[in-house]
1. Would you compute the Debye intensity of segment B:377-436 from its alpha-carbon atoms alone, equal scatterers and no solvent, and pass along log10 I(q)/I(0) at q = 0.17, 0.29 Å⁻¹ to two decimals?
2. Please list the radius of gyration and Dmax for the protein assembly as shown, considering alpha-carbon atoms only, with Å as the unit.
3. At each listed q (0.07, 0.08, 0.10, 0.11 Å⁻¹), what is the log10 of I(q)/I(0) that the Debye formula gives for chain B modelled as equal alpha-carbon point scatterers?
4. When averaged across all projection directions, what area in nm² does the alpha-carbon convex hull of segment A:1-62 cover?
5. Which pairs, out of A:97/B:524; A:166/A:200; A:183/B:172; A:182/B:524; B:29/B:545, put more than 24 Å between their alpha-carbon atoms?
6. Stokes-Einstein at 10 °C, 1.306 mPa s, Kirkwood radius from Cα pairs: D for segment B:500-605 in µm² s⁻¹?
7. Taking the Cα centre of segment A:69-171 as origin and charging only Cβ (+1 Lys, Arg; -1 Asp, Glu), how large is the dipole, in debye to the nearest 20?
8. Remind me, relative contact order of chain B in percent, using alpha carbon pairs under 8 angstrom and six or more residues apart?
Amino acid sequence: MYGLGIIKGMGVVLRHFVRSYVDDVKWVNKGGRYYNDEALLVRQGPKGEGIKTVFYPEEKLPMPERFRFVPFLVTDEPPPGQRWGHDWCTSCGICAKVCPPQCIWIERGKQPNGRPKPEPEKFFIDIDICMNCGYCAEFCPFDAIKMDHDYELASYDRRTAHIHDKERLSKPISYWREIAPKKAEAEELARQMAEAAKAKKKDKDGDGREQRISEAVARQLYYQGLQY
Amino acid sequence: MSDTTLDPVTTPPPVDTLTPAQEATARLKELHPNIVSDDTREGYEGLIVYADSITEVAKSLRDELGFNYLSSVTGVDYLEEGKLEVVYHLYNIARGGGPVVLKAQVNRDEPVLPSLTPIFPGADFQEREAFDMYGFNFLGHPDLRRILTWDGFNGHPLRKDWKEPFYEEENKPFGSRWPDGQVFRAEEHNPYGKNVQYPPGWVPTGDEYDVETDVYLGLSYSRDSTPGLKTDKVTVNLGPQHPSTHGVFRMVVTLDGETIVDLKPVMGYLHRNHEQIGERNTFNMNMPYTDRLDYLSSMSNNLGYAITIEKLFDMTVPERAEWIRILMVELTRICNHLWALGFLLNDLGALQTPMLYFYLERELILDFFEATSGARMLCNYMRFGGLAYDLPDEVRGVPTLKFLEELIFNRLPSVLDQGDDLITGNEIVRARAIGVGILTPQDAIAMSTAGPLLRASGVPYDIRRAEPYSYYEHLDFDVAVRYNGDIYDRYLIRIDEMRQSLRILEQVLPHLKRTMGAPIIGDKPQYAMRAPRAGESYGRVENPKGELGYYVTTKRRSGNPERYHVRAPSFINLTALGPMSRGYKIADVVAILGSIDIVLGEVDR
């Protein structure tokens with residue numbers, strides 16, 4: 001029959017229309033469908049039905065651990081009264097060398113006698129250029145630069161606000177543990193194993209073979225990220 | 001699925017017979033002994049052809065040897081030897097297999113050689129691109145104008161002695177970043193208004209017609225087409241700022257009433273010279289840039305580039321990584337086709353509703369990509385010899401494999417069925433789409449179209465079968481094909497392809513379970529990789545939009561490619577847009593363009 005196709009299509013639309021209310025009813029006794037973290041996770045998940053809208057900024061989707069946005073620098077826990085602790089960065093420059101759009105500028109620290117000091121004097125990231133690829137965090141041998149989850153970076157003036165300096169970039173390690181707990185744990189473990197392997201290397205009686213295995217394990221942990 | 005198929009994958013030893021490409025190469029040397037010779041440079045393969053006779057060789061390849069598909073045409077600059085080279089990759093559509101590679105070398109100062117457009121109309125845009133980037137003068141090309149850069153562009157940017165207005169260094173990483181990095185913004189050194197040079201004798205008039213005379217003069221205005229009422233032909237610019245062009249893309253059309261007399265696509269508004277950026281970059285750095293080509297299917301772009309470099313570096317990929325790669329690529333195909341169909345229906349006037357229904361499921365795939373790679377669209381997930389990360393533990397609070405099973409066995413098939421119910425039988429869509437924008441199989445092959453566009457015209461050519469890469473030869477799926485070559489078939493074939501992708505995904509899932517915990521990358525990735533050998537490498541994959549190829553050459557121990565070329569499917573598929581639209585109404589053009597499915601990030605590069 002001519003017109004059957006259109007009617008069938010309208011049926012699909014009607015089904016969607018009805019379904020969008022069914023899910024509302026299901027959540028009535030459980031705190032409502034909107035502005036409810038539990039409901040948000042379900043309706044955005046693989047079993048979600050009905051309206052999918054997220055009411056940003058009142059509602060925000062939880063970020064997966066690996067979510068990557070403009071990087072930040074990791075420091076030790078800050079001593080009381082200060083905002084940052086000791087930098088983990090040794091200004092080795094690998095992040096600046098691997099950065100595809102070349103948005104990282106590092107000025108290496110200098111000792112009084114002019115020799116390089118393993119910490120950055122200045123550290124800049126031009127977030128207009130940064131393409132959020134995550135290479136800096138991936139290749140940093142000291143876990144000193146990590147990708148952030150803070151995506152709300154809009155500002156009124158791109159000329160002054162979009163070059164982040166060391167002060168703006170530094171965040172304590174506790175922040176990283178908060179946003180990526182599993183990954184931080186795995187990295188911690190990998191670091192400990194590397195440390196242990198190093199100690200064994202110094203000890204001349206150590207068994208070289210065992211040490212190689214633990215290095216391989218550490219490497220695997222590091223690159224698999226979550227196989228902790 | 002039986003247990004036998006779950007055995008670890010082993011590749012059978014190569015059979016000792018000549019491939020179609022080897023056969024054709026040997027035959028060519030017999031046919032044209034004085035014209036062709038082997039490329040003897042270390043790491044290179046193919047045939048060097050005497051440039052003036054390239055048409056003869058191409059003709060015998062097409063007519064006698066069955067290599068009737070000119071896939072890629074590109075230039076290479078060998079500054080030290082003082083030569084420019086054009087590299088042609090031709091394929092045998094009927095028999096599949098690898099390419100016959102032809103190379104024509106010309107003098108750098110006077111790069112003149114015959115055009116292949118009379119034999120392969122598909123060379124049209126690619127030769128224009130080579131002219132634009134290198135300054136080749138293709139004799140006999142009907143419309144040799146700049147294509148990606150604009151008319152007032154000075155020089156040919158991919159020549160090795162050309163420098164951009166703000167030139168820092170030949171290769172990254174730049175010395176100014178470390179150890180003494182003083183931050184600056186490039187625009188401070190390169191202020192607006194002072195960063196442009198015009199070619200000698202070229203004056204910017206500010207009048208569009210003066211600048212673009214060539215575009216308008218190139219159109220056909222034949223006046224005797226309609227008997228009876230005398231009508232004027234009208235030239236109309238569709239775009240660049242037009243919602244139906246899917247980005248900044250312009251079509252200059254001549255109209256007779258509402259009927260299209262001629263159409264010329266104008267592109268390059270999003271041009272950033274991806275290829276030159278790629279030649280400045282190290283091998284590693286290019287990976288996130290490939291995301292930005294066809295930004296709707298970044299995973300497939302990654303795969304193509306990874307395969308090309310793995311060939312060059314002679315790397316192997318662990319089994320689990322291959323399975324995850326196929327998982328990602330097939331999900332990307334579904335993602336892309338859902339998007340493409342949504343927009344095609346949008347263009348046909350089914351505004352938003354079908355599109356949003358498709359997107360609901362696409363969101364779930366993107367959620368999975370985000371949890372795995374850290375980004376929804378620009379994933380940057382593949383590495384040379386493997387992957388960046390293993391699959392995550394959970395996606396949106398659901399264990400990953402459960403999430404994937406729900407997606408593959410439940411959500412995605414049901415959205416396809418729903419799409420079928422919603423649109424496939426719809427009388428309005430059928431009236432608009434059936435018999436419109438017809439592309440015959442002969443034209444489709446001659447114009448080098450690829451992907452769904454080619455297969456909807458009745459040519460069952462799929463690289464996953466013709467020249468299998470990754471583990472596709474171990475997977476059971478059909479090459480989707482439709483025979484009418486109109487918009488409606490291009491719609492249907494995308495649904496077919498998604499169903500085939502689901503079939504593949506169902507086969508991949510058990511392997512993911514089996515290889516749980518296995519390594520996903522061979523060796524710890526180095527941040528600075530150097531090429532172990534000099535030479536070239538061409539890798540191609542079946543992207544959702546068609547054949548995506550990368551041509552890379554390098555020097556030994558070099559950290560960056562000397563030449564980095566992308567054979568972009570949407571760009572070359574546009575060759576068919578003009579011939580497909582002639583004779584149809586102006587409202588159909590929008591739908592015909594939608595059915596090609598272009599992404600401007602890839603067209604303009």
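1. Log-scaled intensity ratios, in q order: -0.78, -1.10.
2. Answer for the protein assembly as shown, Rg first and Dmax second: 28.1, 103 Å.
3. These q points yield log10 I(q)/I(0) values of -0.43, -0.57, -0.92, -1.13.
4. 5.2
5. From the list (A:97/B:524; A:166/A:200; A:183/B:172; A:182/B:524; B:29/B:545), the Cα-Cα distance tops 24 Å for A:166/A:200; A:183/B:172; B:29/B:545.
6. 89
7. 420
8. 16
Where a number appears in this text, it was derived from the coordinates with a stated rule and is not lab data. The structure displayed is predicted, hence computed values, not measured ones. Ideal geometry is used to build each Cβ from the backbone, glycine not excepted, and the neighbour counts take in all protein chains shown.
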